[in-house]
Structure formats: C-alpha cells, structure tokens
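Participant: Got a structure for you, written out below as structure tokens; questions coming shortly.
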Amino acid sequence: MVLSGAEIVVRCLQEEKVEYVFGYPGGAVLYIYDELFKQEKVRHVLVRHEQGAVHAADGYARSTDRVGVALVTSGPGVTNAVTGIATAYCDSSPVVVISGQVPTAAIGQDAFQEVDTVGITRPCVKHNFLVKDVREIAPTLKKAFYLAKSGRPGPVVVDIPKDVSAKKCEYAYPKSIAMRSYNPVTKGHQGQIRKAVQLLLDAKRPMVYSGGGVILSEAAEALTRLVRSLGCPVTNTLMGLGGYPGTDGQFLGMPGMHGTYEANMAMQYCDVLLAIGARFDDRVIGDPADFARVARKIIHVDIDPSSISKRVKVDVPIVGSVSSVLEDMLKLLDENPQRPDAAALEPWWKQIAEWRGRDCLAYDRDAPVIKPQFVVEKLYEVTGGDAFVTTDVGQHQMWAAQFYKFDKPRHWVTSGGLGTMGFGLPAAMGVRIAHPDAQVACVTGESSIQMCIQELSTCKQYRLPIKIVNLNNRYLGMVRQWQQLFHGNRYAESYMDALPDFARLAEAYGHVGMRIDKPGDVEGALREAFKRRKDLVFLDFQTDQTENVYPMVKGGKGLTDMILSSEDL
Amino acid sequence: MRHVISLLLENEAGALSRVSGLFSARAYNIESLTVAPTEDASMSRMTIITRGSDDVVEQITKQLNKLVEVVKVVDLSESGHLERELMLAKVRAVGKDREEMKRMADIFRGNIIDVTDSSYVVELTGNSGKLDAFLGAIDASLILETVRTGVCGIGRGDRILKI
Ligand SMILES: Cc1ncc(C[n+]2csc(CCOP(=O)(O)OP(=O)(O)O)c2C)c(N)n1
C-alpha cells in the first residue's frame, strides 16, 4: 500500500495503539495534522504551549504503563518542548515526541523556523532521529516506541522534515525490531541474586530503599511481598512513592533532603541496604562521603549499569529489570529454609520506633493561619487516599510527598530529577485523560502554577475536572526557605508580588474558583470541590507565608545531619 | 590514569556527536579521538584516549555503552595493546638544516613525502611518545606546522573487537 509520510506517521501511531497525541500545529507538521484530521482512532489534544504537550504526554505515561506521545512543529515548537523532554528524561519517562522539521533541502540554510532539533535535544533524550527518507518513517517510529519503553525508559524524539511527510512510499509496519547496538538486560545474574538474598537473610538491620524503577517496572506488588517476607523497614524515594503502601507499618516515609528522620537514620545505620530501582541521587543521600562513613553492605538492583557504583560503591551489583530480579529474589527466598533473623529484627524495630518517636513531620495544628501540611492532610482524607496527585516544584511538592500517603503505584506524578515548575497542571491533564473517571489533584504553588497556567484553557476545551490545590504563600517558598536558612534572611526576588486573583482567573477561563483563608474552611472547600465532578476547581488556599519544609538536610551535608524544625536553626 | 577506549558504533550521521557530547556534558577528559569506518561500512571504529580515575573510566565505559548507537566498548589499556599515531610535520629545510632534517627523519624512521627547496614534510608513525620525541629532538624554530591523527589502538593477540 502506497502512503504519504504523514499517513504513515498516523498509521504507525494507530499500530502502537496510541489513543491520544498531545500537540500543537505549525507549518512543518501540517501534512501530519491533515492526516490526523481524516481519522478518529488517534485523538489529538490541543494544548496551549508545547511544554504543556510534553508534560501532558509524560503525565499520561507515568500514570499508566504506556508511552505518551507529543507532536510539535519545527523551530519554536521544538524549543518550547525541550523543558518537557528534559523533564521526561530526568525521570526516565517513556515519551515519543514527533517534531516537524523544515524541508530536507532547506536544512542548514537558516530557513524559517529551522533549529537543529537533533542537536538541541541530544543531551536530554534517550535517543533521537532525523528521518531523511520517507521509507524510514515506519521503522524509525517502531524503534522510537521500542526505545522509549524498553530498558531504562526515556523520551525519544523523531524529527521529520516537511517534504518527507509529503513524499509517498510503500507502507508496512515492522512487526518487530532488532538493534545490534541496543540490547537491554532484563534478567539479573542468578549468582548475584542468590548472594543478595543470603545477605538479606543474614542481616541484623536490613533496610530496603526503592525508587522510580519499581514504578516503571510495574514491580510494586513484588516489592511489597519481598519487604513483608523480610519483615524489614522500607523507604520510597520521591520517584518511588506508591512503590510500597504508604500506610503500611513497615514504611518509613521518604528519604533524603526532606525525608523523614526515621528513613534517613535507617538508611545510614542499617547493616544491609537493598537499593532497588533507585540511584543514590544527591537529594537522597546527601554527601556520598558521609554516607560511606558507616560500613554496611549494599545490594543495588538497576536496569541501567551506569547507575550502579556511580555515586556509591556497592557490594552486590545486579543489573536487570527490577520486576524480574524481585521475582527471582522472592523465589529464592521461598526456597530457602532460613528465615529472617527475628531476634535481630526486634531491636532494630525498637530503634526505629525510637526514631519515629521524634515525630519529625509535626507542625503547629493550632495556628490561626492555614498550614500547608494541613491542606494536604485534608486532601488525603477527602479523596480517601485514592486520588492521582501531580505537583509542581517547591515546598508544596515536598509537603504533598510527605503528607499524602500513596498506597498504589502511578498515582504520584511529580518532576523529581529536573524539578520543573510548570509540570503539575499539564501533567494532570495527561493523567485525567488516561483515567477519565479518577480524582485528579494538582498540588501547586502560586508561582509554579503561573508557569503553565495557559493550560486552564485546554482543561476547559477537553472538560478535564482537575482540582488545583494552590498552596498560596505569596513566596517562591522553597527559594525563600533557602534564603532564610543560608542567605541571612535576604529574600532576593522571592516574593511574588502582583499576584492575580486566582479564583477569578479560573472563572475567566470558564472554571470554578475558590479562595480559602481560614483553616476551618479547608475541609469544606475540598469536599465541595471534589463533589463538583464535572468542574475544574481552582482552590486558592492562603497559607502560612513563613512555613518551612522539615526535616531538612542541607545540600552537601550528611544524611543524618537534619534540621528537624525551626528550633534547630 | 591514561586509558585507551575503543568502540564500535553504527556508522550513522550524528553518532560521533553523541560520543563527543557525552564527554563534554559529563566533564570527561578527551586527549584524542579518532574515528573511521571499518571493513564493514555500516560500522565505525573509534579510539578515545582519556584520563581519569578507575571510577571515572568505569562510568565512561558504562555511559558509552548506554548510547543507543554504540555497539561495543572495550578499555584496551586493561591488557596488552598497540597504539599508533600518524604525524605530518612540515619543517624548514635550508642550508645545513636540510641535511640534519633528513638524518633525523631517518633516525625516527620517518618518510619525507614532500620536498621544496626550503621545506620537507616528514611523515612519522608510532606511539605518541615517539612522535613527541621527534618534535623534541629537532630545533623548535624549524617546525613550520604539524598535524597528528590522534591515537588508534588495537588489542594484542587474541583480543578482538568485533561483533
Ligand atoms: C522552571 C523553574 N524555575 C526555577 C526553579 C527554582 N525553584 C525551585 S522551587 C521554586 C519556588 C516555587 O515556588 P512556588 O511554586 O510558589 O512553590 P512553594 O515553594 O512556595 O510551595 C523555584 C523558583 C524551578 N524549580 N523550576
């Protein structure tokens, strides 16, 4: 069958069972838009900014087990998309971005809306392609989807010059793909896995530290079984929340810069640490030298060999897919007559109980102003702990991570690696589109939300009843916190002056807006908002301007060097 | 420590920039980099000379392996290997220096491949040390220009880098 390049693009998307494409048209992708127009299988969501398109595709991917797809035009379309692409890259999110390019003959001529897309995106993609021949479109897209989703997932950009999308050729979608240069390992080394299981069984103070890899690998259930049968404590990183039930007694909360006291202490003072689908990131372990100060055996499971022994020396490296390695561990654990050392676990749990006794997330519940933590707690209650929660970046993000307890994977969608303000709202659109009956909340701040606020218009067009929980402290809160702590209270450019009236702004976009000033009104407002099942409700909570996120490990400090409250300052 | 990293990669537009981009993005050191297609035209072979601690070099090889177009990576300096580099040196060759240059080229087993009444172009191959030694042995004021290919390397004996 002879088809045009643009027809082939759409056919390929259909073959990949793509339901939604998030995009924005322009000259270089007009043929592709024309073909999208002529069919109904692949639906298009018109965002208001290309950054939003990629974040939405990313949110779609993170909340499902599927690849998100974005479509943008050449030049400014691509440069606008770069923040989204880098965000997906830093959190290993499977996204395919199709971009238009100027016609082949114009490449290199400084043509109108020409940028070197492959060059600009190279350092923030898993891989990218410039398709110079219409016959290459189908195999390239096949590769793009395969690369995005397999191994350690990540964004893949496919740049298609306008003339290539117009040219015709015989079309057949490749059934499978083989690349001699790309063969991600899935099965872990059995000898190493056996060693790991033995170490865990012999441990006196075992600890499990899991990250986004558990979510990406659909391994939450296996992780939960493993932790339960080991009877040990577990912590989930920011990216790994929901990998183990947040309400379970063995869960110590999140580790790291704003992790709980008990999680950080247990990370530091365990004798065997199983790190699984996590990468000892600087926001998690702080100073690696300080982390290495205490002797403990480390088992590290990751699908990406370059994540292993990058920041921390490990004793048992296991390269493989998290789910496959976990299943192998569970099997070995089953077969092994040895049980975890109950006599050793008892004092370990006692120690942990003592650490927990510090009640590190305590905040003033009697304050006359709205405490941001309180809003998140109420959000958790009102949604029955069952909502999908996206966030922007800053204090609100940390409070959401600390106070919303995720029992299931893929319900927590946040920009961890890149820390992209502006992610929350478009990501929530992708989530809601993937889960049309679910409760979706975007926890944000008055500064972050303004970075992609234009997407309120997209939400109106596609009737996406997201609940925006704006923790409005009139400050770039996280910046202000650092300035207070490390820059002598000099609040350089961190006050957000001239804020809009968000409730009225939401109304101007055709949504419902609410402003909440008093603690006593928080719960009622949330209930009212979630009752409005068809409406996007913008909840503008006027929160305490001076509240800080605690605990806090200062950048570059050791993990146990925590500021627990303003009294420690 | 100095390492000689050899890799096979798909002979595709942009593959080289992925490798060089990786080195600059991660602040790895590149002393030299050479690349050319192999006997199998679909594949290129690259030799990179880099310096770094064992940890850094381990990361370099892992990161290189992660690039989708890289087929194979070995650190040749882990065992016996050969290194060669080619240099073309244009030197002043007048008066008594003319004879002296000819002698130096012979001593270093170089070839004079271009002759004018005032200059020679000397072609020299060897490991980098030998080329440096040649440049050190002649009067610096006589060197008009030099160009070096950078090192290419191959394992000794049974060590073969092929797919
Ligand atoms: C795009 C972008 N620019 C700048 C930053 C740096 N930054 C991190 S947190 C923050 C403040 C965020 O303020 P707000 O959205 O009001 O949230 P809050 O911290 O007050 O909860 C800033 C500016 C960032 N993460 N992303």
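Participant: Averaged across A:306-313, how many Cβ atoms of other chains sit within 10 Å of each residue's Cβ atom? Please list the in-between numbers first.
Facilitator: Numbers: counts 9, 2, 2, 4, 5, 1, 0, 1.
Shielding by partners across A:306-313 averages 3.
Participant: Given axes a ≥ b ≥ c from the Cα gyration tensor, I'd like to know whether chain A is rounded (a/c under 1.5), prolate (a/b larger than b/c) or oblate.
Facilitator: Because a/c hits 1.5 or more and a/b fails to exceed b/c, chain A counts as oblate.
Participant: A further question on this structure: Tell me the mean residue ellipticity at 222 nm calculated for chain B from its helices only (DSSP H runs of n ≥ 4, each -39500 (n - 2.57), averaged over every residue, nearest 500).
Facilitator: Result for chain B, helices only: -8500 deg cm²/dmol.
Participant: Against the longest principal axis of chain B, how steep is helix B:54-66, in degrees 0 to 90 to the nearest 10, with axes from Cα atoms?
Facilitator: 70 degrees
Participant: Ranking A:His127, A:His435 by Cβ neighbours within 10 Å, fewest first, what do you get?
Facilitator: Listed from fewest to most nearby Cβ atoms, that is A:His435, A:His127.
Participant: Something else now. Just to confirm the filter: which GluC sites (Glu not before Pro) across segment A:435-500 are DSSP coil and have at most 16 other Cβ within 10 angstrom of their Cβ?
Facilitator: Those satisfying the criteria are A:Glu493.
Participant: Run through segment A:30-110 and list the trypsin sites (Lys or Arg not before Pro) located in a DSSP loop whose Cβ has at most 11 other Cβ atoms within 10 Å.
Facilitator: Sparse-neighbourhood loop trypsin sites (Lys or Arg not before Pro): A:Lys38.
Participant: Related question: Loop by DSSP (not H, G, I, E, B), at most 16 other beta-carbon atoms within 10 Å: where is the longest site-free stretch of chain B for trypsin sites (Lys or Arg not before Pro)?
Facilitator: B:27-108
Participant: Tabulate in residue order the Karplus-calculated ³J(HN,Hα) for segment A:86-101, using 6.51 cos²θ - 1.76 cosθ + 1.60 with θ = phi - 60°, rounded to whole Hz; enter x for Gly and Pro.
Facilitator: Rounded to whole hertz, the list is 5, 4, 5, 4, 5, 10, 6, 9, x, 10, 10, 10, 9, 10, x, 9.
Participant: So, one more: Cβ under 11 Å from B:Val91's Cβ, B:Val91 left aside: what net charge do those residues give with Lys, Arg +1 and Asp, Glu -1?
Facilitator: Overall, the nearby charge balance is -1.
Participant: A further question follows. Given axes a ≥ b ≥ c from the Cα gyration tensor, I'd like to know whether segment A:190-356 is rounded (a/c under 1.5), prolate (a/b larger than b/c) or oblate.
Facilitator: Judged from the Cα gyration tensor, segment A:190-356 comes out rounded (a/c under 1.5).
Participant: Alpha carbon centre of segment A:439-469 versus segment A:405-424: separation in Å?
Facilitator: 15 Å
Participant: Now, a different point. Quick check: from the Cα gyration tensor, does chain B come out rounded (a/c under 1.5), prolate or oblate?
Facilitator: It comes out prolate by the Cα gyration axes.
Participant: Return A:Arg490, A:Arg432, A:Arg358, A:Arg293 ranked ascending by Cβ neighbour count within 10 Å, so the fewest neighbours appear first.
Facilitator: Numbers: A:Arg490 8, A:Arg432 27, A:Arg358 16, A:Arg293 12.
Fewest-to-most ranking of A:Arg490, A:Arg432, A:Arg358, A:Arg293: A:Arg490, A:Arg293, A:Arg358, A:Arg432.
Participant: Exposure proxy check: A:Asp290, A:Asp501, A:Asp540, A:Asp392 ranked by fewest other beta carbons within 10 Å?
Facilitator: Details: A:Asp290 17, A:Asp501 12, A:Asp540 26, A:Asp392 30.
Ascending number of Cβ neighbours within 10 Å: A:Asp501, A:Asp290, A:Asp540, A:Asp392.
Participant: Given 20 °C and 1.002 mPa s, compute D for segment A:372-549 with the Stokes-Einstein relation, Rh being the Kirkwood radius over Cα pairs; round to the nearest whole µm²/s.
Facilitator: Rounded, D is 134 µm²/s.
Participant: I would also like to ask the following. Need the full-extension length gain, A:Ser176 to A:Glu528, defined as separation in residues times 0.36 nm minus the C-alpha distance. One decimal, nm.
Facilitator: 121.7 nm
Participant: Radius of gyration and Dmax for segment B:2-78's Cα atoms, expressed in Å?
Facilitator: Every Cα atom of segment B:2-78 included, Rg and Dmax give 11.5, 34 Å.
Participant: Something else: Distance in nm between label sites at A:Asp437 and A:Asp386, each 7 Å beyond Cα in the beta-carbon direction?
Facilitator: 1.0 nm
Participant: Hey, what's the Kirkwood Rh for segment A:368-461 if you take every pair of different alpha carbons, in angstrom? Walk me through the intermediate numbers first.
Facilitator: Details: mean 1/r = 0.0746 Å⁻¹.
Over segment A:368-461, the inverse of the mean reciprocal pair distance is 13.4 Å.
Participant: Still on this structure, I have one more. Whole angstrom only: what separates the Cα centroid of segment A:263-309 from the Cα centroid of segment A:212-242?
Facilitator: Their Cα centres are 15 Å away from one another.
Participant: I want to check the label-to-label distance for A:Asp116 and B:Thr38. Put each point 7 Å from Cα in the C-beta direction and report it in nm to one decimal.
Facilitator: Reported label-point gap for A:Asp116 and B:Thr38 is 2.7 nm.
Participant: Right, another one. In terms of modelled amide H atoms, which long-range or inter-chain residues lie less than 5 Å from the amide H of A:Arg43?
Facilitator: The list, which skips near neighbours in sequence, is A:Tyr20, A:Val21.
Participant: To continue, here is another question. With a Cα-only, solvent-free Debye model of segment B:82-152, what are the log10 I(q)/I(0) values at q = 0.14 Å⁻¹?
Facilitator: -0.36
Participant: If I histogram all Cα-Cα distances within segment A:2-170 using bins 5 Å wide from 0, what percent of pairs lands in each bin?
Facilitator: Calculated over all Cα pairs of segment A:2-170, the distribution is 2, 10, 21, 25, 23, 13, 5, 1, 0 percent.
Laboratory data are not the source of any read-out in this text; all were calculated from the coordinates shown. Computed from a prediction, not measured in an experiment: that's the story for all the values here. So basically every Cβ, Gly included, is an ideal-geometry build from the backbone, and we count neighbours across all protein chains shown.
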